[in-house]
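The numbers here are math on the coordinates, done by the rules we state, and not lab data. Remember, it's a predicted structure, so these values are computed and weren't measured experimentally. A quick note on method: Cβ atoms are made from the backbone with ideal geometry, for glycine too, and the neighbour counts reach across all protein chains shown.
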Amino acid sequence: MKKLIALLLLFPQSGVFAQNLTLDSCINSAFRKYEFQADRADFITQSELSIKNANKAWLPTLELDASFTWQNENITIPVGINVPGIESPSVPLNFNRILVNFTQNIYDGSTSSRTKDLAAQTLKINQVSVEQQQINLESKVSALFMGVLLAREQKKILNSKSDLLEERLDVMEGALEYGGSMPATILSLETEILKVEQQKTEITYQVKALTAQLSEITGLSITEDDSFENPNAVLVSSASPSSRPEIRLLDLQSEQLEVQKSLKMTSRNPRVFAFGNVGAGNPGYDIFAEQEISPMVFVGLGVKWNIIDWNYNRNEMTMIQLQQNQLDRVKSRMVSTFNEQTNAEKREIEMLNEQLKRDEKILQLQNSLTQIKSAQLENGVITSTEYLEAVDQLTEFKTQQKVHELSLVMAIINYNLINENPVQ
């Protein structure tokens, strides 16, 4: 155990626990942080509850109706003649009743059925909306991840340039002792080394900013010691724009409006229902009977029909149709935009592939030229300015190659995302 602890102390803690991050792992972490699965589950629960409530329209409604009243006088019906043993009927001064009123739908004009259709359609819209949010988040994570990769590659190239200049500076300082080089040459090299260090500092802070954003969006604790793995982006076949969640969302919204049309039309359908009450009262329904608690039962059948609505529904249908027309126009413009984006990314991929073919040859030639310039500088044939120009060009071509490589990966990722394909 002591040996293990001693071994661990030899290494910085951050390096021991460095993460190996992939684009896929960052995307999945971002998905978990934003709790998309919880959103989906909540939407399903909401839909189920809406359907349950719609089904409850077929259950009877029960309402307790209790009343206890007294009044100082009431209606009397005089008989007109005095007949022994016969008294004029009278209504009691107090009424005490406890009833349970009920109604039962028999036909609701298909309202509950259309309500359930609307709940199901709303669920589809919410689920596709979550899918759209995921793709947008995936695009943000991909851009940040590739930004970190590019910045780190640029820093590697600058480190290589710095090493090359340091090596050349050592050689020229050695030559200065024997009068083989000019002090101005050494000053030029030292100045260039400082410029490179300044560029490296800028990139270091750029990486910190990008990793901070990536940490925030993914919920991961990302440090400078963590390694980023280059994505293995594979170009997939293009898909129809109609498969995009944005397009499917518009289609579903148009279908939802169609369901709303059907639901609004049910307001003109007749309603058939049973109604009544059950209970007891003193007096009962026979108010002229002896004052005693009597059972009370009352049932009936009702029909309600909105015969005329003064074109209210017609206006509602017209407004919904106008909304559908707007959705169709938005869809047409969006399909055109996606086609343009797909073609643009495809051209970008073709161009980058062509550039990468030439990058390797350019680097070979520039590397050879830089070596020649280095030898010429040692022999005093050229000035340090000419040598530094060659080194700058070599650095530029190395950076250009890395930019092309990572830009190609990003273009493939964008192409796949446009066609709703996950990052490989």
Q: Give the stretch 376-389 a look and list any residue that's surrounded by 15 or more Cβ atoms within 10 Å (Cβ to Cβ) and either free of Cβ contacts under 8 Å to residues at least 24 places away in the same chain or part of a helix (DSSP H, G or I) (or both), or say none.
A: Q376, L377, E378, I382, S384, Y387, L388
Q | Subset of the stretch 279-290 [exposed (fewer than 15 other Cβ atoms within 10 Å of the Cβ), of a type in the set (A, V, I, L, M, F, W, C) and either touching a strand residue (DSSP E or B) at 6+ places or on another chain (Cβ under 9 Å) or closer than 22 Å to L301 by Cβ (or both)] | A | A280, F288
Q) Can you tell which of E340, E345 is free of Cβ contacts under 8 Å to residues at least 24 places away in the same chain and among the charged types (D, E, K, R)? A) E340
Q) Could you count how many residues in the stretch 350-377 are among the charged types (D, E, K, R) and out of contact with any helix residue (DSSP H, G or I) (no Cβ under 9 Å at 6 or more places or on another chain)? A) 5
(Q) Take the residues in the stretch 390-424 that are outside any helix (DSSP H, G or I) and not polar (S, T, N, Q); name whichever of them is surrounded by the most Cβ atoms within 10 Å (Cβ to Cβ). (A) V423
Q.
Suppose we filter I372, I418, I413 for residues that are over 53 Å from the mean Cα position of the chain (by Cα) and not hydroxyl-bearing (S, T, Y); which single one remains?
A. I372
Q) In the stretch 87-139, how many residues are under 30 Å from I418 (Cα atoms) and of a type in the set (S, T, Y)? A) 3
Q. Scanning the stretch 351-375 for residues that are among the basic types (K, R) and under 17 Å from E396 (Cβ atoms), which turns out surrounded by the fewest Cβ atoms within 10 Å (Cβ to Cβ)?
A. K361
Q) With respect to E345, is the statement that it is acidic (D, E), under 30 Å from R114 (Cα atoms) and either in contact with a Cys (Cβ under 9 Å, 6 or more places away or on another chain) or surrounded by 13 or more Cβ atoms within 10 Å (Cβ to Cβ) (or both) true? A) no
